[in-house]
Amino acid sequence: TAAANGSLFEIWKVMYWTSFILAWTVIPIVWYYYEAGEFTPMARFRSAIKSNLRFYAIAGVLLISFLIYVAVQEQMTGSKLLGFAICLSNTWGLTLYVLLLGYGLVEVPRSFWYESSLAKTLEFIYYKAAETHDGMELAADDLASIQTLTKGISRRLSNNYPYRRQLSMIEERLQVLEHVDLKMDGNLSDFSETALATELDDVKEPSLSQLVKLNKHVRRTIRKYFRLRDTMQDTAERGAWIESVIRRGQQPLPTLFSRGLSDVMPGLNLRWMLYCRQPVYRSIAFVLGGASLLMIWAQLTIPARMVSPMFAIYQAVNQSDSLVQIALIPPLTYLCGCAFWSMFQLQLFDYYLMDNKRRTGEVSLLFNGTYLLRIFAPIGFNFVSMLVDDDDATAFGRVMGDMEVVPFFGSAFNSYLPILISIFSLCTFFNVYYRLLKFLGIEQFSYSTTNDQDRLEEGKKHVAAFTSSVRDEMVDTFL
């Protein structure tokens with residue numbers, strides 16, 4: 001606690017402001033640097049600075065206007081400016097945290113329940129294979145369309161064109177098409193319908209800014225294609241594996257040691273998939289579902305902590321710092337896990353997403369790192385709010401304790417906003433988002449309803465095309 005150890009307050013203060021500076025200044029600059037389409041490191045750095053300055057110029061006008069209003073109403077002094085910055089950052093982060101947690105508290109346990117069924121897991125793999133293959137075709141077609149466009153530009157350039165080197169760099173990037181397995185002709189390309197493609201078609205010699213936009217699009221599309229190609233390969237291999245497990249389960253299994261010690265581990269893995277996986281996953285789903293209900297209960301009872309389970313746990317162990325850590329680390333870890341899992345499920349523009357096997361790009365890593373830093377303090381503040389009434393009772397609460405300086409957006413707002421978690425959780429539980437997307441004509445995979453059989457058959461064909469050799473090898477191993 002703050003009373004027991006004053007140095008803890010200083011540690012939290014350093015951690016908070018370090019993450020604040022990284023999340024709002026340093027990482028966004030690096031993020032825009034890697035996203036920029038300029039052709040030299042210095043030009044990309046200048047572009048990143050300008051992009052961030054434009055954002056902060058717009059935000060600064062709004063903040064200054066709000067600051068003047070608050071300063072007049074609350075007679076704010078210079079010492080309270082830090083509280084003002086903390087309040088705004090915490091309010092923004094807590095709002096994002098509420099959205100992520102409301103989704104994660106339902107979907108994390110539900111994902112274990114759904115994954116317990118091999119048949120439904122295979123359906124999802126087929127659907128993902130179809131979606132991934134479509135994305136691959138679109139990305140490859142974009143690259144083919146851009147290559148055709150750049151060749152046309154090169155043919156009509158004059159000898160004294162000043163940006164020939166930059167155009168050559170784009171053409172060198174497009175040589176990656178030699179390693180593209182799909183045969184595309186550009187007919188499916190979305191790029192040909194963009195304003196940039198129209199501009200480049202209409203001009204004889206593109207300007208540097210147009211080449212920068214084109215280079216940015218090419219770099220992004222190349223990353224997307226190869227990420228999707230590797231994802232398709234992994235998805236197909238997993239689909240072939242699940243297919244072989246399901247087929248093997250329809251036949252009598254040999255004894256575990258019938259073929260020697262070398263087949264023990266494959267045999268154990270097969271028995272785990274056929275007999276143990278479903279009950280274990282469903283048990284985990286029940287346990288995590290109960291944990292989610294307790295977390296929602298604790299969130300709803302922040303204004304009345306006497307009936308909060310988290311408050312009761314804290315009161316039972318608060319005489320010992322060791323017991324406090326042992327008792328509170330698991331629920332805090334679960335809250336963070338649900339929120340972070342939801343964030344990693346985001347696929348904004350099919351670009352800012354996390355992928356396994358070291359395939360996540362720099363921009364996606366920086367994007368997710370930025371938002372993790374922006375919500376870590378709000379998660380801590382929300383968790384402390386479930387335990388104690390007085391902000392000064394903990395060192396972390398003292399760091400966040402100057403938030404009353406802003407009316408409405410102070411401590412009261414950050415205490416009652418988590419009640420919305422229950423609303424978002426209910427929307428997730430009753431598949432409101434899925435129903436809304438379906439109403440808008442956007443098809444999504446559903447574990448609980450019947451999916452488009454034509455789409456599943458399409459995905460099944462892609463799995464077969466990508467992994468015939470892998471499937472034969474796995475069947476031989478199991479049989």
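Summary of computed values
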quantity: Filter result for L105 (under 29 Å from the mean Cα position of the chain (by Cα), surrounded by fewer than 20 Cβ atoms within 10 Å (Cβ to Cβ) and part of a helix (DSSP H, G or I)); calculated: no
quantity: Complete set of residues in the stretch 295-326 that are surrounded by fewer than 17 Cβ atoms within 10 Å (Cβ to Cβ), without any contact (Cβ under 8 Å) to a residue 60 or more places away in the chain and in contact with a helix residue (DSSP H, G or I) (Cβ under 7 Å, 6 or more places away or on another chain); calculated: W297, P309, V317, N318, L323
quantity: Subset of the stretch 134-161 (residues that are free of Cβ contacts under 8 Å to residues at least 40 places away in the same chain and outside any helix (DSSP H, G or I)); calculated: N159, N160
quantity: Matching residues, the stretch 441-464, being closer than 18 Å to R238 by Cα, of a type in the set (A, V, I, L, M, F, W, C) and either modelled with pLDDT under 85 or under 25 Å from the mean Cα position of the chain (by Cα) (or both); calculated: F445
quantity: Hits in the stretch 201-212 - residues which are assigned to a helix (DSSP H, G or I) and either in contact with a Pro (Cβ under 9 Å, 6 or more places away or on another chain) or among the β-branched types (V, I, T) (or both); calculated: L208, V212
quantity: The stretch 378-402: number of residues that are part of a helix (DSSP H, G or I) and either modelled with pLDDT under 85 or more than 19 Å from the chain's Cα centre (by Cα) (or both); calculated: 15
quantity: Residues satisfying the stated conditions in the stretch 186-215, i.e. under 22 Å from D134 (Cα atoms), open to solvent by 40 Å² or more (accessible area, probe 1.4 Å), touching a residue at least 24 places away in the same chain (Cβ under 8 Å) and not acidic (D, E); calculated: N187, L188, S192
quantity: Any hit, the stretch 256-273, residues being in a helix (DSSP H, G or I), among the β-branched types (V, I, T) and over 32 Å from the mean Cα position of the chain (by Cα); calculated: yes
quantity: So Y225, is it of a type in the set (S, T, Y), within 30 Å of I146 (Cβ to Cβ) and open to solvent by less than 50 Å² (accessible area, probe 1.4 Å); calculated: yes
quantity: Pairs, first free of Cβ contacts under 8 Å to residues at least 24 places away in the same chain and open to solvent by less than 90 Å² (accessible area, probe 1.4 Å) in the stretch 435-455, second in a helix (DSSP H, G or I) and of a type in the set (A, V, I, L, M), C-beta under 6 Å, six or more apart; calculated: Q444/L437
quantity: So R305, is it of a type in the set (D, E, K, R), touching a Phe, Trp or Tyr at 6+ places or on another chain (Cβ under 9 Å) and farther than 28 Å from V26 by Cβ; calculated: yes
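Matching residues to (1) under 21 Å from P279 (Cβ atoms); (2) in contact with a helix residue (DSSP H, G or I) (Cβ under 9 Å, 6 or more places away or on another chain); (3) at pLDDT 90 or above:
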| position | (1), (2), (3) |
| --- | --- |
| G83 | no, yes, no |
| T95 | no, yes, no |
| V98 | no, yes, no |
| L105 | no, yes, yes |
| W113 | yes, yes, yes |
| Y126 | no, yes, yes |
| A129 | no, yes, yes |
| E137 | no, no, no |
| D142 | no, yes, no |
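The values are calculated or read from the model by the stated rules, or taken from the named source; none is laboratory data. The model shown is predicted, which means the values in this text are computed figures rather than measured ones. Positions of Cβ are generated from backbone atoms using ideal geometry, with glycine treated the same way; all protein chains shown enter the neighbour counts. To get the accessible areas, we keep the full protein, side chains included, count just its heavy atoms, and leave off ligands, DNA and RNA. Shrake-Rupley method; radii C 1.70, N 1.55, O 1.52, S 1.80 Å.
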